[in-house]
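One structure below.
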Amino acid sequence: MGIAVNLVTYLVGTMHLPSSTSANIVTDFMGTSFLLCLLGGFLADSFLGRYKTIAIFAAIQTLGTGALAISTKLPQLQPPACDTASGKNCKPANGFQMGILYLALYLIALGTGGLKSSVSGFGSDQFDEKDEKEKAQMAYFFQRFFLFISVGTLMAVTVLVYIQDEVGRSWAYGICSVSMLISIIVFLCGTKRYRYKKCMGSPIVQIFQVIAAAFKKRNMSGPFNVSLLYEDTPEASRIAHTEQFRFLDKAAIVTEDDFEKINGKTSAPNPWKLCSATKVEEVKMMIRLLPVWATTILFWTTYAQMITFSVEQASTMERSIGGFQIPAGSLTVFFVVAIMITIVFYDRVIMPLWKKWKGEQGFTNLQRMAIGLVLSIFGMAAAALSEMKRLLVAKSAAPTTQTLPISVFLLIPQFFLVGSGEAFIYTGQLDFFITQSPKGMKTMSTGLFLTTLSLGFFVSSFLVSVVKKVTGSRDGQGWLADNINEGRLDCFYGLLTVLGVINFAAYIVCAKWYKPKKAKPAVQMSGINANGNNDNYDRC
């Protein structure tokens, strides 16, 4: 977090890159970090197990932060200093300098992907859910797990960002490296004490098996009686047949070619030719998640602006309180504060009132996601209005003015609205993808959830590139100008507001189409990681 929230100021101020290019580098870095969670989860499920995955990818992340500390320290890896306010005689970083920076960032992204996919699940492996005492202890473990994540985030956007700006980035990233190294040593010290779960393979293979079997039998007509479909799952674990996506039912139609004969005896069916009806239904359940999954991506595109352009906005504004200057990247602390306030308010006020009025334990997961999307729309609208006011001040100031005479606290509404929206949509997504997915595909569904974050950042990069090309000019002007004070960032925020409204309408249609699985106890907002990670990682 300490790297992501303040990276854009380094790219603009030290590496002399245009603001739009800097924003895209940050969003691509964050998007890749979350996308690589799929790779980490696959390796943990199929080959390495969670323990080895954590150890290996933590070492990779440590190597990446060390490389980043070196790249920000050595003058040879940075372009010559210049007056970035005027932009005159500023030579951007060359290919070699950017190559070293990219190497460091994507080593960190690779390490992050492996850790995110396994570390919390490995914690849940240490408790036996069948033992009531250990099950209760596991709840306390995840509460503390989430507490330390929150503390780490606060430390990142306050202390670490301050060290980057006032002491030196190499010192801050060096602290990250040393911290990771210590954590690896502590982690390895518990090797003989840990409980390990046997790898059972990736659910991705099952999905491909069902699709392959259905495709091979595409010319066959489906059975009129669903009881004729092949089933080898124990009755207690079977899933009732559904009418949606009936073409997949063909994967469970029995033919003579589905069974292989060994020494004249019929063996078990080939899983690439014949799948049980329950496995087919599990794949159907995953497919039904996709429309809702697709319509929640845009929220994270909005979120991406808060750690890129909004931080760059803050860097041009008055940030002093007395004799102390707030680092631009530390404005994201309002994200964390908004999340915590929203969580407490939801659990202590909304949930009791909703239970008295509706007799239900708070909003459903789909309702929480809807609230998150609405708050993000208002957040972008507030960002557009605050940017209009900032630009008015910038136009009346001298071209060489580095700090505009306007308070940075003007940006608080957009941080607070999007932060509150994150509290709702994150817990709603987590609850939705856990409770509405098959038991054997919890890891897969969690990976699907994390890809909404990843794709949200990539969509942000795509939109920035398109807007830059359509509205830009050869001299670096346009909506997303090289100098933020000469652009029209308010128009870009307005575009995101309009896209948010359209996306919300699509979400409502998808939410009404979705046929939910039988309800299970919801994931409460106070336990974002508690119930979620308990069920997420049940395969290895």
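Before moving on, here are some points about what is shown:
- Dipole check for the chain: with +1 at the C-beta of Lys and Arg, -1 at the C-beta of Asp and Glu, and the Cα centre as origin, the magnitude is about 680 Debye.
- Under-5 Å amide H pairs with T296, H placed in peptide plane, nonlocal only: none
- For the range 1-58, the percent of C-alpha pairs falling in each 5 Å distance bin, counted from 0 to the bin holding the largest distance, reads 4, 18, 20, 15, 12, 11, 11, 7, 2.
- In this structure, the pairs whose alpha-carbon distance is over 23 Å, taken from K216/K284; K135/K197; K273/K512, are K273/K512.
- Given their separation in residues at 0.36 nm each and the Cα-Cα distance between them, V498 and K261 gain 79.2 nm when the chain is fully extended.
- Average projected area [Cα convex hull, the range 140-296], square nanometres: 17.0 nm²
- By accessible area, using a 1.4 Å probe on protein heavy atoms only, the chain has 65% of its surface on carbon and sulfur.
- A Förster radius of 51 Å combined with the Cβ-Cβ distance from K358 to L74 puts the calculated FRET efficiency at roughly 0.25.
- Computed from label points 7 Å out along Cα-Cβ, the spacing between T400 and C510 is 5.2 nm.
- Computed FRET value (nearest 0.05) for T242 with R218, which takes r as the C-beta separation and R₀ as 22 Å: 0.65
- Here the calculated FRET efficiency for Q325 and C82, from their Cβ-Cβ distance with R0 = 22 Å, stands at 0.50, rounded to the nearest 0.05.
- Percentage of interatomic Cα-Cα distances in the range 435-511 larger than 16 Å: 66 percent
- Across the range 341-438 the C-alpha pair distances fall into 5 Å bins from zero in the proportions 2, 13, 16, 16, 14, 10, 8, 7, 6, 4, 2, 1, 0 percent.
- Where chymotrypsin sites (Phe, Trp or Tyr not before Pro) fall in DSSP loop in the range 101-205, at most 16 other Cβ within 10 Å: Y194, Y196
- Anisotropy class of the range 1-136 from Cα gyration tensor, a/c 1.5 cut: prolate
- The angle separating the long axis of helix 442-471 from the principal Cα axis of greatest extent in the chain is about 40 degrees.
- Viscosity 0.890 mPa s, temperature 25 °C, Stokes-Einstein D of the chain from Kirkwood C-alpha radius, µm²/s: 97 µm²/s
- Working from Cα pairs under 8 Å separated by at least six residues, relative contact order for the chain is 22 percent.
- The range 255-318: translational diffusion in µm²/s, Stokes-Einstein, Kirkwood Rh over Cα pairs, 20 °C, 1.002 mPa s: 128 µm²/s
- Where GluC sites (Glu not before Pro) in DSSP loops with at most 14 other Cβ within 10 Å are excluded, longest remaining stretch of the chain: 361-540
- Annotation note: chymotrypsin sites (Phe, Trp or Tyr not before Pro) in the range 295-402 located in DSSP loop regions with a Cβ neighbour count of at most 13 within 10 Å are absent.
- Full-extension gain in nm, I184 to F462, via 0.36 nm per residue minus C-alpha separation: 96.4 nm
- For the range 183-253 versus the range 299-357, the gap between their alpha-carbon centres in whole angstrom: 41 Å
- Computed [θ] at 222 nm, helices only, for the chain once each DSSP H run of length n ≥ 4 contributes -39500 (n - 2.57): -20500 deg cm²/dmol
- Rg(Cα) / (2.2 N^0.38 Å) computed for the range 216-364, rounded to two decimals: 1.85
The values are calculated or read from the model by the stated rules, or taken from the named source; none is laboratory data. Computed from a prediction, not measured in an experiment: that's the story for all the values here. Neighbour counts are summed over all protein chains in view; Cβ atoms, including those assigned to glycine, are modelled from backbone coordinates with ideal geometry. Calculation scope for accessible area: heavy atoms of the full protein, side chains included, ligands and nucleic acids excluded. Shrake-Rupley method; radii C 1.70, N 1.55, O 1.52, S 1.80 Å.
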